[in-house]
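Beneath this line is the structure, given in C-alpha coordinates, with notes to follow.
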Amino acid sequence: MRLVIIGGSDAGIAGALRARELDPSCDVTVVLDDAYPNFSICGIPYYLSGEVVDWSKLAHRTLEELSSYGIAIRMNTRALAIDRSRHQLLCRTPDGGSQEIPWDRLIIATGATPVIPTIEGLSAGLQTDRVFLVHTIADA
Ligand SMILES: Cc1cc2nc3c(=O)[nH]c(=O)nc-3n(C[C@H](O)[C@H](O)[C@H](O)COP(=O)(O)OP(=O)(O)OC[C@H]3O[C@@H](n4cnc5c(N)ncnc54)[C@H](O)[C@@H]3O)c2cc1C
(Lines give C-alpha, C1' and ligand atoms only; values in the text may rest on other atoms or scores of the structure.)
Protein backbone atom coordinates (compact mmCIF):
# COMPACT_ATOMS: atom_id res chain seq x y z
CA MET A 1 0.00 0.00 0.00
CA ARG A 2 1.29 3.44 -0.94
CA LEU A 3 0.53 5.96 1.78
CA VAL A 4 1.26 9.60 0.99
CA ILE A 5 1.11 12.21 3.73
CA ILE A 6 0.98 15.95 3.06
CA GLY A 7 2.69 17.71 5.97
CA GLY A 8 5.88 16.73 7.79
CA SER A 9 5.38 18.15 11.25
CA ASP A 10 3.84 16.60 14.38
CA ALA A 11 0.68 15.19 12.77
CA GLY A 12 2.23 14.02 9.51
CA ILE A 13 5.22 12.28 11.08
CA ALA A 14 3.07 10.71 13.81
CA GLY A 15 0.86 9.28 11.07
CA ALA A 16 3.86 8.03 9.12
CA LEU A 17 5.48 6.35 12.12
CA ARG A 18 2.24 4.71 13.20
CA ALA A 19 1.52 3.43 9.69
CA ARG A 20 4.94 1.81 9.49
CA GLU A 21 4.49 0.37 12.99
CA LEU A 22 1.16 -1.24 12.04
CA ASP A 23 2.28 -2.39 8.59
CA PRO A 24 6.04 -2.46 7.92
CA SER A 25 5.33 -3.25 4.25
CA CYS A 26 3.52 0.07 3.85
CA ASP A 27 5.29 2.41 1.40
CA VAL A 28 5.16 5.77 3.21
CA THR A 29 6.06 9.11 1.59
CA VAL A 30 5.80 12.44 3.41
CA VAL A 31 5.80 15.66 1.38
CA LEU A 32 6.35 18.93 3.17
CA ASP A 33 6.52 22.49 2.01
CA ASP A 34 9.59 23.36 4.07
CA ALA A 35 12.94 21.89 5.08
CA TYR A 36 12.06 21.11 8.71
CA PRO A 37 10.60 17.60 9.06
CA ASN A 38 9.63 16.53 12.58
CA PHE A 39 10.83 19.64 14.39
CA SER A 40 9.53 20.76 17.77
CA ILE A 41 7.41 23.81 17.05
CA CYS A 42 6.77 23.92 20.80
CA GLY A 43 10.50 24.43 21.31
CA ILE A 44 10.63 27.72 19.39
CA PRO A 45 10.18 29.84 22.56
CA TYR A 46 13.24 28.10 24.08
CA TYR A 47 15.25 28.99 20.99
CA LEU A 48 14.08 32.60 21.15
CA SER A 49 14.98 32.81 24.86
CA GLY A 50 18.42 31.35 24.18
CA GLU A 51 17.91 28.21 26.29
CA VAL A 52 18.29 26.24 23.05
CA VAL A 53 21.23 27.81 21.23
CA ASP A 54 21.30 25.66 18.09
CA TRP A 55 17.92 25.65 16.30
CA SER A 56 18.72 22.32 14.67
CA LYS A 57 18.53 20.74 18.15
CA LEU A 58 14.76 21.32 17.97
CA ALA A 59 14.50 18.31 15.65
CA HIS A 60 12.69 15.39 17.29
CA ARG A 61 14.37 13.05 14.82
CA THR A 62 17.01 13.48 12.12
CA LEU A 63 16.37 12.73 8.47
CA GLU A 64 18.54 9.64 8.86
CA GLU A 65 16.37 8.39 11.73
CA LEU A 66 13.19 8.98 9.75
CA SER A 67 14.68 7.13 6.77
CA SER A 68 15.67 4.24 9.04
CA TYR A 69 11.97 3.85 9.90
CA GLY A 70 11.28 3.37 6.19
CA ILE A 71 9.73 6.81 5.67
CA ALA A 72 10.59 8.70 2.48
CA ILE A 73 10.79 12.43 3.19
CA ARG A 74 10.30 14.89 0.32
CA MET A 75 11.25 18.34 1.61
CA ASN A 76 10.50 21.68 -0.05
CA THR A 77 7.75 19.93 -1.97
CA ARG A 78 4.37 21.65 -2.02
CA ALA A 79 1.19 19.71 -2.68
CA LEU A 80 -0.83 21.59 -5.29
CA ALA A 81 -3.72 19.35 -6.34
CA ILE A 82 -5.29 16.00 -5.53
CA ASP A 83 -6.62 13.94 -8.41
CA ARG A 84 -9.04 11.62 -6.64
CA SER A 85 -10.04 9.57 -9.68
CA ARG A 86 -6.45 8.81 -10.74
CA HIS A 87 -5.08 8.74 -7.16
CA GLN A 88 -2.30 11.16 -7.98
CA LEU A 89 -0.95 14.04 -5.93
CA LEU A 90 0.41 16.93 -7.99
CA CYS A 91 3.38 18.58 -6.28
CA ARG A 92 5.74 21.45 -6.93
CA THR A 93 9.25 20.06 -6.63
CA PRO A 94 12.23 21.89 -5.06
CA ASP A 95 13.58 22.86 -8.48
CA GLY A 96 10.30 24.60 -9.34
CA GLY A 97 9.05 21.80 -11.55
CA SER A 98 6.04 19.59 -10.96
CA GLN A 99 5.57 15.90 -10.33
CA GLU A 100 2.70 13.53 -9.67
CA ILE A 101 3.01 11.12 -6.77
CA PRO A 102 0.70 8.09 -6.79
CA TRP A 103 -1.20 7.15 -3.64
CA ASP A 104 -3.55 4.46 -2.40
CA ARG A 105 -4.30 6.33 0.82
CA LEU A 106 -3.71 10.03 1.43
CA ILE A 107 -3.43 11.83 4.77
CA ILE A 108 -3.68 15.62 4.97
CA ALA A 109 -1.65 16.96 7.90
CA THR A 110 -1.06 20.54 6.83
CA GLY A 111 -1.63 22.21 10.18
CA ALA A 112 -3.16 25.64 10.49
CA THR A 113 -2.40 29.20 9.50
CA PRO A 114 -2.13 31.97 12.11
CA VAL A 115 -4.99 34.41 12.45
CA ILE A 116 -3.63 37.88 11.72
CA PRO A 117 -5.62 40.27 13.89
CA THR A 118 -6.76 43.59 12.48
CA ILE A 119 -4.24 45.80 14.21
CA GLU A 120 -3.35 48.95 12.35
CA GLY A 121 0.15 48.73 10.95
CA LEU A 122 0.49 45.00 11.49
CA SER A 123 0.29 43.91 7.86
CA ALA A 124 2.88 46.47 6.85
CA GLY A 125 5.04 45.49 9.85
CA LEU A 126 5.07 41.86 8.78
CA GLN A 127 6.72 42.94 5.53
CA THR A 128 9.69 44.24 7.53
CA ASP A 129 12.35 42.39 9.50
CA ARG A 130 11.11 43.71 12.86
CA VAL A 131 7.66 42.15 13.23
CA PHE A 132 7.25 38.36 13.20
CA LEU A 133 4.74 35.56 13.49
CA VAL A 134 5.80 32.67 15.72
CA HIS A 135 4.47 29.63 13.95
CA THR A 136 7.11 27.73 12.01
CA ILE A 137 10.79 26.89 12.38
CA ALA A 138 11.43 29.26 9.47
CA ASP A 139 9.78 32.05 11.51
CA ALA A 140 12.13 31.27 14.40
C1 LIG B 1 5.32 28.86 19.57
C2 LIG B 1 4.47 27.62 19.71
C3 LIG B 1 4.54 26.86 20.86
C4 LIG B 1 3.72 25.72 21.00
N5 LIG B 1 3.81 25.00 22.16
C6 LIG B 1 3.04 23.91 22.31
C7 LIG B 1 3.11 23.12 23.50
O8 LIG B 1 3.87 23.43 24.43
N9 LIG B 1 2.32 22.02 23.59
C10 LIG B 1 1.49 21.64 22.57
O11 LIG B 1 0.80 20.62 22.69
N12 LIG B 1 1.41 22.36 21.42
C13 LIG B 1 2.16 23.48 21.26
N14 LIG B 1 2.07 24.20 20.11
C15 LIG B 1 1.18 23.75 19.04
C16 LIG B 1 1.83 22.67 18.17
O17 LIG B 1 3.11 23.11 17.74
C18 LIG B 1 0.92 22.42 16.98
O19 LIG B 1 -0.33 21.95 17.46
C20 LIG B 1 1.54 21.39 16.05
O21 LIG B 1 2.74 21.86 15.49
C22 LIG B 1 0.55 21.10 14.93
O23 LIG B 1 1.16 20.10 14.14
P24 LIG B 1 0.65 19.81 12.68
O25 LIG B 1 1.51 18.69 12.15
O26 LIG B 1 -0.82 19.60 12.70
O27 LIG B 1 0.89 21.16 11.85
P28 LIG B 1 2.16 22.07 11.63
O29 LIG B 1 3.16 21.90 12.72
O30 LIG B 1 1.65 23.44 11.36
O31 LIG B 1 2.80 21.50 10.29
C32 LIG B 1 2.17 21.65 9.04
C33 LIG B 1 2.99 20.87 8.02
O34 LIG B 1 2.29 20.90 6.77
C35 LIG B 1 3.19 21.31 5.75
N36 LIG B 1 2.38 21.88 4.67
C37 LIG B 1 1.41 22.84 4.74
N38 LIG B 1 0.85 23.03 3.54
C39 LIG B 1 1.47 22.17 2.68
C40 LIG B 1 1.32 21.86 1.29
N41 LIG B 1 0.42 22.48 0.50
N42 LIG B 1 2.14 20.92 0.75
C43 LIG B 1 3.05 20.28 1.51
N44 LIG B 1 3.22 20.50 2.83
C45 LIG B 1 2.44 21.43 3.40
C46 LIG B 1 4.18 22.26 6.44
O47 LIG B 1 5.35 22.41 5.69
C48 LIG B 1 4.37 21.47 7.75
O49 LIG B 1 5.30 20.41 7.55
C50 LIG B 1 2.85 25.34 19.95
C51 LIG B 1 2.81 26.09 18.76
C52 LIG B 1 3.60 27.24 18.64
C53 LIG B 1 3.53 28.03 17.35
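The values are calculated or read from the model by the stated rules, or taken from the named source; none is laboratory data. Treat the numbers as computed from the prediction; the structure is a model and nothing was measured. Ideal geometry is used to build each Cβ from the backbone, glycine not excepted, and the neighbour counts take in all protein chains shown. All accessible areas refer to the heavy atoms of the entire protein, side chains included, with ligands and DNA or RNA removed. Shrake-Rupley method; radii C 1.70, N 1.55, O 1.52, S 1.80 Å.
Remarks
- Consider the range 86-105 and keep the residues that are within 12 Å of the ligand (Cβ to nearest atom) and open to solvent by less than 50 Å² (accessible area, probe 1.4 Å). The one that is farthest from SER25 (Cα to Cα) is THR93.
- Residues satisfying the stated conditions in the range 118-140, i.e. farther than 25 Å from GLY43 by Cβ and in a loop (DSSP other than H, G, I, E, B): THR118, ILE119, GLU120, GLY121, GLN127, THR128
- Selection count where residues are more than 8 Å from the ligand (Cβ to nearest atom), surrounded by fewer than 17 Cβ atoms within 10 Å (Cβ to Cβ), outside any loop (DSSP other than H, G, I, E, B) and not basic (Lys, Arg), scope the range 18-54: 4
- Residues in the range 57-76 that are assigned to a helix (DSSP H, G or I) and open to solvent by less than 50 Å² (accessible area, probe 1.4 Å): LEU58, LEU66.
- Leading residue by the ranking (farthest from the ligand (Cβ to nearest atom)) among those in the range 106-140 that are among the acidic types (Asp, Glu) and open to solvent by 70 Å² or more (accessible area, probe 1.4 Å): GLU120
- Extreme residue, farthest from GLU64 (Cα to Cα), among residues of the range 6-17 that are within 7 Å of the ligand (Cβ to nearest atom) and open to solvent by less than 60 Å² (accessible area, probe 1.4 Å): ILE6
- Inside the range 1-14, residues that are outside any loop (DSSP other than H, G, I, E, B) and over 12 Å from the mean Cα position of the chain (by Cα) make up a count of 3.
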